[in-house]
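Visitor: Below are the structure tokens for one structure; questions will follow.
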Amino acid sequence: MTKANSISLTSYIKLVKETNKFTSDKALFGAQMGLFSEVGSLVSLLKKKLLNNDSNDHSNELVIEEMGDIFWYFTLITIVESIDLYELINDIDPYDKHESTIFITGIKTRPFIKVKSKESISDTQLLFNDLIIHTTSLSKDTTSEKIERFLNIYLKMMEFLNLDLLSIVENNTFKIRNRFVPIEELYLPLLSFDSTFSKDEQLPVEFEVHIVEKPNGKAYLKWNDVFIGSALNDNHQENDNYKYHDVFHLAFAAILHWSPTFRALIKHKRKSDPSLDETQDSGRPIVIEEGLSAWLFSISKQRGIDFTKESSISYDLLKTIQIFIRGYEVEKCPLQLWVKAIIQGYTVFNQVVANKGGIIIGNRRERTLGFKKLDTE
């Protein structure tokens with residue numbers, strides 16, 4: 001994520017409007033409850049940090065994320081209630097003006113306004129109490145005065161945490177675009193990761209892979225009329241159909257343009273680049289992908305989660321995926337692509353289970369995965 005010098009307040013408000021998923025009749029209540037929930041999460045997180053003197057990078061990232069979510073919901077409230085956020089900004093630095101545009105800056109003491117109250121923040125408990133009080137008040141009803149008071153206490157909290165608003169909003173903007181902006185609006189290279197390699201070192205642009213279940217109950221993969229890989233059974237005391245899990249690898253290949261497992265199965269590893277072959281196409285990346293597939297499957301089975309529905313794929317789950325793939329080329333893919341890969345992967349998986357096999361059709365150009373039945377002749 002590239003660090004900017006400033007972000008236009010207008011552009012951020014526009015992004016909040018575009019990524020608001022609440023219907024008009026539920027937007028205010030959703031924003032109020034979202035704000036209340038995120039403040040609760042922040043207080044819980046800060047309690048642990050303060051009690052344990054925890055200042056590691058991960059906990060700091062979580063604080064910035066929570067502050068960003070709070071600011072998103074706060075901005076949505078001002079939008080829904082038609083309260084001009086500009087009017088709440090009471091003392092703009094003239095050097096921050098650019099043709100009447102207000103900018104969110106990285107200057108801790110001047111995020112975009114001069115905070116009215118300049119008393120030192122020495123009483124941590126009082127600050128936390130004020131945050132909870134003003135959040136609770138705003139969750140009941142919204143007025144310009146309440147919104148302004150909340151904004152002031154939010155900025156005090158930001159100062160207490162030694163954060164700047166630009167970092168908070170930048171992080172939040174990246175998160176929103178990564179997760180909620182439609183895929184068609186994101187810049188995605190036609191062929192990712194291996195487009196500069198020869199065809200025998202690329203994942204196929206289009207592919208059909210047959211999954212055939214034989215009388216022994218095992219599942220076999222066939223590509224270009226050749227059986228590939230090993231025959232699979234569920235390898236579990238329960239018959240849970242995990243023997244068909246290669247569907248998930250094929251979904252990753254078609255939609256994310258990434259699957260070290262499928263690449264190894266068809267012997268299309270990028271051996272012309274030994275470093276890339278070792279770090280992206282070989283042992284550990286394959287283990288990571290297999291582990292990720294097994295983890296998602298276990299969650300779906302144990303919690304009864306239907307991964308064919310977007311609403312079932314939580315942001316926390318996507319954050320865990322990011323931890324799995326950190327340091328590998330696929331981390332460049334936006335979370336929306338992961339959502340699409342999971343949904344289409346599980347949709348096709350269910351079709352394969354229902355038909356005890358089938359033909360999996362992948363298209364990297366369209367980033368799609370489809371299914372058709374095997375010929376029964």
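The values are calculated or read from the model by the stated rules, or taken from the named source; none is laboratory data. It should be emphasised that the depicted structure is a prediction, and the values quoted were computed from it without experimental measurement. FYI the Cβ positions are ideal-geometry reconstructions off the backbone, even for glycines, and counts take in every protein chain you see. Accessible surface is based on the protein model in full, side chains and every heavy atom, while ligands, DNA and RNA are left aside. Shrake-Rupley method; radii C 1.70, N 1.55, O 1.52, S 1.80 Å.
Visitor: Starting from the exponent 0.38 and prefactor 2.2 Å, build the expected Rg for region 208-296 from its residue count and divide its actual Cα Rg by it.
Guide: Dividing the Cα Rg of region 208-296 by 2.2 N^0.38 Å gives 1.13.
Visitor: Quick one: Karplus J couplings for region 354-371, per residue in order, coefficients 6.51, -1.76, 1.60, θ = phi - 60°, nearest Hz, x for Gly and Pro?
Guide: In residue order, the calculated couplings are 4, 9, 6, x, x, 10, 9, 10, x, 9, 6, 5, 8, 6, 9, 10, x, 9 Hz.
Visitor: Still on this structure, please answer the following. Sum -39500 (n - 2.57) across every DSSP H segment of at least 4 residues in the chain, then divide by the residue count to get the 222 nm mean residue ellipticity, nearest 500.
Guide: -16000 deg cm²/dmol, from helical runs alone.
Visitor: Let me check something: with ligands and nucleic acids excluded, how do Thr308, Thr75, Thr23, Thr196 order by accessible area (1.4 Å probe), largest to smallest?
Guide: Thr196, Thr23, Thr308, Thr75
Visitor: Given the convex hull over the Cα atoms of the chain, what projected area results after averaging over all orientations, in nm²?
Guide: 23.1 nm²
Visitor: For Glu38, Glu238, what's the largest-to-smallest order of accessible area, 1.4 Å probe?
Guide: Sorted by accessible area, descending: Glu238, Glu38.
Visitor: Next up: Share of region 158-317's accessible area from carbon and sulfur, percent, 1.4 Å?
Guide: C and S atoms contribute 49 percent here.
Visitor: Using a 7 Å offset from the Cα along the Cα-to-Cβ direction at both Asn235 and Ser24, what is the distance between the two label points in nm, to one decimal?
Guide: Computed distance between label sites Asn235 and Ser24 equals 5.4 nm.
Visitor: Given 0.36 nm per residue, what is the gain on full extension from Leu45 to Phe174 after removing their alpha carbon distance, in nm?
Guide: 44.3 nm
Visitor: Using alpha carbons only, what's the Rg to Rh ratio of region 131-174 with Rh from Kirkwood?
Guide: Rg/Rh: 1.04.
Visitor: Just to confirm the number: angle between the C-alpha axis of helix 27-52 and the first principal axis of the chain, 0 to 90 degrees, nearest 10?
Guide: 90 degrees
Visitor: Heavy-atom accessible area of Thr124 with all protein chains present, probe 1.4 Å, nearest 10 Å²?
Guide: In the full protein context, Thr124 sits at about 50 Å².
Visitor: Which FRET efficiency value, to the nearest 0.05, is calculated for Ser311 and Asp277 with the Förster distance at 35 angstrom and r the Cβ-Cβ distance?
Guide: 0.35
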